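Visitor: Dropping a structure here in structure tokens format, bear with me for questions.
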Amino acid sequence: MEKTDIGSMTKEELEAYFASEGEKKFRASQVFSWIHGKQAASFEQMSNLPESLRKHLEQTAFITVLEPVKTQVSGIDGTTKYLFRLPDGNVIESVLMHYHHGNSVCISSQVGCACGCRFCASTLGGCVRSLTAAEMCGQVYRIAQLSGQRVDSVVVMGSGEPFENFDNFCRFVEILNDPAGYNLSRRAITVSTCGIVPRIRELADRGTQVTLAVSLHAPNDEIRRKLMPVANRYSIDEILDACRYFFEKTGRRVSFEYSLAAGINDTPACADELAARLKGFPCHVNLIPVNPVRERTIRQSAASDIQAFKRRLEKHGVNVTIRREMGRDIDGACGQLRKSYLDGPGSSKESDNSGGMG
Ligand code: SAH
């Protein structure tokens, strides 16, 4: 019999599950707070449950525990990259960053990614599978435990496309937000998507108060299609309409990520076109100097071009920042640590680690 993944259930789902097993509702609350409030690693630890129930759970259910396989700490800013092994042997990466406003953890939502963005390392081996809600929560819990620090915010900006794993992503938000669990405010969670329009609208309809970040990376569809295959599915107009709808429904300002690649999307004309498209929409643009990946031919824009791009957007009244490069001395962009681990010893040294988070 396959064991039930009870760590991926919201409190309501767990209550329904316990009811179906003939157990009392308050037992579900107890188990939920053991798993998500106290981050228990086994049923044995759940000292306020009767032994018969603990035994029953051991036989019929499981708790996901992530095993750390590798840690890299930046000597510059203390940013720490973690490589975790999942119960089925797959590995994923997560990052802990220290900002003046607190500790932020960047988590993966899938093993690999199917999006195929031309500059990204996460997508090189395709998508192996989506993560469960427990595996997403587990990255936060494990990092809190290993670092001995409270996690103040979470960004779903690691490997994977969270909106291709939408149900589990929504569960993850609900579980992490639960006062009996980690009790992290929804507003402290940011989700980054390559622009899956129907899911942006669905998130808006649910009124989920997370911060939405959309990977735009281009001022028009023609350039965007050169960088992101998903641009063949959804146009920038459709994405911006969905973002406006999200803002109307939630009142949350949308962020647009824009990775600058030399000679592709970093010209003054691109800045003007981008500003014109975003005109009048209360949003924020986050410029990311492209983090060169060994297997990719795309190069980072010159520092002077990045500054000029920023000033040009500002001149048009766009709210813009350049993303601070974190952990520039450790395996840089999205998916690089996992990739170098899978490629075997030595390969990480050959990769270009010149950037921060990607
Ligand atoms: N699938 C989600 C999350 C991906 S990673 C998305 O597409 O938004 C988070 C951000 O980093 C995205 O904006 C992604 O496009 C960007 N990114 C990935 N690799 C990068 C690299 N090598 N250099 C710069 N940005 C990168």
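The values are calculated or read from the model by the stated rules, or taken from the named source; none is laboratory data. Fair warning: this is a prediction, and the values are worked out from it, not measured in the lab. Cβ placement follows ideal geometry from the backbone for every residue including glycine, while neighbour counts extend to all protein chains displayed. Accessible surface is based on the protein model in full, side chains and every heavy atom, while ligands, DNA and RNA are left aside. Shrake-Rupley method; radii C 1.70, N 1.55, O 1.52, S 1.80 Å.
Visitor: Quick check: is even one residue across the range 124-143 open to solvent by 30 Å² or more (accessible area, probe 1.4 Å), part of a helix (DSSP H, G or I) and either out of contact with any Asp or Glu (no Cβ under 8 Å at 6 or more places or on another chain) or not aliphatic (A, V, I, L, M) (or both)?
Guide: yes
Visitor: Report yes if S47 is modelled with pLDDT of 95 or more and more than 16 Å from T4 (Cα to Cα), otherwise no.
Guide: yes
Visitor: Report the residue count in the range 171-198 for those that are part of a helix (DSSP H, G or I) and either within 16 Å of the ligand (Cβ to nearest atom) or at pLDDT below 95 (or both).
Guide: Counting residues in the range 171-198 that are part of a helix (DSSP H, G or I) and either within 16 Å of the ligand (Cβ to nearest atom) or at pLDDT below 95 (or both) gives 4.
Visitor: While we're here: Here are E257, E202: which of them is within 29 Å of P292 (Cβ to Cβ) and not in a loop (DSSP other than H, G, I, E, B)?
Guide: E257
Visitor: Let me ask another. Only one of V290, V318 is more than 16 Å from the ligand (Cβ to nearest atom) and touching a Leu at 6+ places or on another chain (Cβ under 8 Å). Can you tell me which?
Guide: V318
Visitor: Can you tell me which condition S94 does not meet? The list is (1) part of a strand (DSSP E or B); (2) farther than 19 Å from I175 by Cα, and all the others hold.
Guide: (2)
Visitor: For a quick check of your reading of the model, give me the residue pairs whose first member lies in the range 175-186 and is under 16 Å from G7 (Cβ atoms), whose second is among the aromatic types (F, W, Y), with beta-carbon atoms closer than 6 Å and at least 6 apart or on different chains.
Guide: As it stands, the answer is L176/Y182; A180/F32, since those pairs meet every condition given.
Visitor: Now, a different point. Within the range 98-117, how many residues are open to solvent by 10 Å² or more (accessible area, probe 1.4 Å) and closer than 21 Å to S147 by Cα?
Guide: Final tally of qualifying residues: 6.
Visitor: Could you grab me the full set of residues in the range 199-214 that are within 14 Å of the ligand (Cβ to nearest atom) and either of a type in the set (V, I, T) or in contact with a helix residue (DSSP H, G or I) (Cβ under 9 Å, 6 or more places away or on another chain) (or both)?
Guide: Of everything in the range 199-214, those that are within 14 Å of the ligand (Cβ to nearest atom) and either of a type in the set (V, I, T) or in contact with a helix residue (DSSP H, G or I) (Cβ under 9 Å, 6 or more places away or on another chain) (or both) turn out to be R199, I200, L203, V210, T211, L212, V214.
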